[in-house]
Amino acid sequence: MNTIHIGFAGNPNCGKTTLFNAYTGANLKVANWPGVTVEKKEGETSYKGQKLKLVDLPGIYSLASYSMEEKVTRRCILEEDIDVIVNVVDASALERNLYLTLQLLELGKPVILALNMMDIVEERGMEIDLHRLPEMLGGIPVVPVSARKRSGLDVLMHAAVHHFEEQHSSRAVQYSPMLEEKIARLEEELGKKNPGLANTRWHAIKLLAKDEEVCRAYHIELPEVLDQNYEKTIINEKYRYIEEIIEDTLFYKEEKGAFTDKVDRLLTHPGWGMPIFFGVMAVVFFLTFAVGDFLKGYFEIALEQFSGFVLQIFSGMGVADWLTSLVVDGIIAGVGGILTFLPNLFILFLALALLEDSGYMARVAYVMDGLMGKLGLSGKAFLPMVLGFGCTVPAIMASRSLEKEEDRRRTILITPFMSCSARLPIYVLFAEMFFGKFAMAASFSMYVVGLFVAIGVAFLLHRRDKENNHTLLIELPEYKTPNVRTIGIYVWEKVKDYLTKAGTTIFIASIVIWFLLNYGASGMVEDVADSFGALIGHWLVPVLAPAGLGLWQIGVALISGISAKEVVVSSFCVLFGIANVNSKEGMAALTDQLGAFGFGPLNAYCLMLFCLLYIPCAATIGTIKKETGSVAFTLKAILFQLLVAWGVAVLVYQIGSLLI
């Protein structure tokens, strides 16, 4: 039995990915489409024994060829083995979503309309005629579903399989006689020149719209037919038909103000919108500390017991001292020290997932549009920056949504200044060690500083291009109750990435650091000051001293942090020989050792600032290179971020030293 390939297509924020996840769960593959940097998601499922391969196509508003997402979606449908298209639409915004539906119908492949968010339709007092709507869309199946409540899923898959078996394609829009005559002439000519060409109607319509890709691939000499660009005429006639559909199929039981509109009066208010955003983020980090630290205590106890257990086993077995030290002081202290921060990161991941799935993040871009416009960037550029609170890698990849290459590069340059979750263990450790009851405020200030540094850099870059104006076109989706399954998949993927990093990058880094600290030119050393690590660190002391970071151990920790920012914490565990640095005893021991060198709260704050702003992790560096395709730009970005980090840390330390 052959596998049926089903493509999920729809507007951004229509619930397409939530529906896709409902079928595939965590059993999905994420990669890039061949040759481009647009994310591709695939998953597998089955329906009554029939194997199904599901493809989550990029969220788009049309099948034009202006954006990379549009090109990829239509190329996938036309050239790859997509058998059936499931067009997911937001039923509460039917008029806006149907424009893509009419375009998909013209592709000549079976289409099923999945009316998602029907619960919102009912809440808003609206009613959709589910008998008339399919008739006006050429007889295609129309299936009400709720991705959030997981209702209608079996019916939708039944319709997809049945529609595929019938191989039924539909045509909904009947254009004006003038356009239909031109389409017929072009179809005839296309058929003569390209006998094997499928869906000649779609190609004919694209020729009339002067679509670059189609015109380049199919050169037709009919000047009397292709006498002008008919794109606007075609769009207008589609929308006129959409108006007819809405008039015949959508009804209101009663006039009812949308909950979304009421909430947006406050959350997108010109004056209150931005303070509310900072307030929301402050609550997020309060929970990250308050709840995360409570749970972290149990992890610390488990780590301490495990470390003692391994030490006892090794002692009983007579394992060599160097190997015992490597395992206990190197691997367990390094990797274990990072794992104890998992509760804090879990709370952060959960909070960001809730904000994103509820529809709030789009409002943040809208609120920030005025400020970003003064920096020569669209409010869209703020979305990658907000994503940077989670992880810089997908945040930089999100810059693909920006139309201009110059805007993309500027956004890529400033996004690493946003404090990613990997830096959180550094803040938690040093804030709790040196700032006591003000630990949460000290950590939250890192996120605020990162945001303002990013904005300041963007402003300086914009001064060279004052004429660069932007208009923000962004959809503000309905607020909805976050989907538990979607949230679960998101958080699990983030936690899994963190655990994978702990088991690979941090594991290897901990071993490397242990060897650097225990070996020197003469072999294994008893005094760490004679090690290779100390030698490397001493080279950096003169550079870092003006920033209050003039300890060779700090230099080694910062270098190791380039592999992954969490490694800075595991490095301190290994560098100062502390098995469980997150316990009260461990933090007290580290504070005493650092205090002996004159390292106090000001130094700690400057270290946090430096870790916030300096060279991003290796994965981010690789992503910058991949997204820009330029080694030169990547190297300039690394050097620039290093100089900014050093400059800010030096400024704060020197001024702080005068005031304290």
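Computed values, structure above
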quantity: Heavy atoms of Arg150: accessible area, 1.4 Å probe, square angstrom to 10; calculated: 110
quantity: Distance histogram in 5 Å bins (all Cα pairs of region 113-170, percent per bin); calculated: 4, 18, 24, 26, 17, 8, 3, 1
quantity: Region 155-223: radius of gyration and largest Cα-Cα distance (Dmax), Å; calculated: 15.0, 48
quantity: Candidate residues Val448, Val121: accessible-area rank, largest first, probe 1.4 Å; calculated: Val448, Val121
quantity: Distant alpha-carbon pairs in region 62-136 (separation over 21 angstrom), percent; calculated: 32
quantity: Ranking by accessible area, most exposed first, for Trp272, Trp492 with a 1.4 Å probe; calculated: Trp272, Trp492
quantity: Per-residue SASA entry for Ile578, accessible area with 1.4 Å probe, Å² rounded to 10; calculated: 10
quantity: Prolate/oblate/rounded call for region 505-660, Cα gyration tensor, a/c under 1.5 rounded; calculated: oblate
quantity: Ranked order, Thr249, Thr591 - accessible area, probe 1.4 Å, largest first; calculated: Thr591, Thr249
quantity: Tensor-based shape of region 121-248 (alpha-carbon gyration tensor, a/c under 1.5 rounded, otherwise prolate or oblate); calculated: prolate
quantity: 15 Å beta-carbon shell around Val280, net charge (K/R +1, D/E -1); calculated: -2
quantity: Of Lys16/Lys41; Lys149/Lys496; Lys48/Lys496, pairs whose Cα-Cα distance is over 20 Å; calculated: Lys149/Lys496; Lys48/Lys496
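The values are calculated or read from the model by the stated rules, or taken from the named source; none is laboratory data. Nothing here was measured: the structure is a model prediction, and the numbers come from that model. Note that each Cβ is placed from the backbone with ideal geometry, even for glycine, and that neighbours are counted across all protein chains shown. Heavy atoms of the whole protein, side chains included, go into the accessibility calculation; ligands, DNA and RNA do not. Shrake-Rupley method; radii C 1.70, N 1.55, O 1.52, S 1.80 Å.
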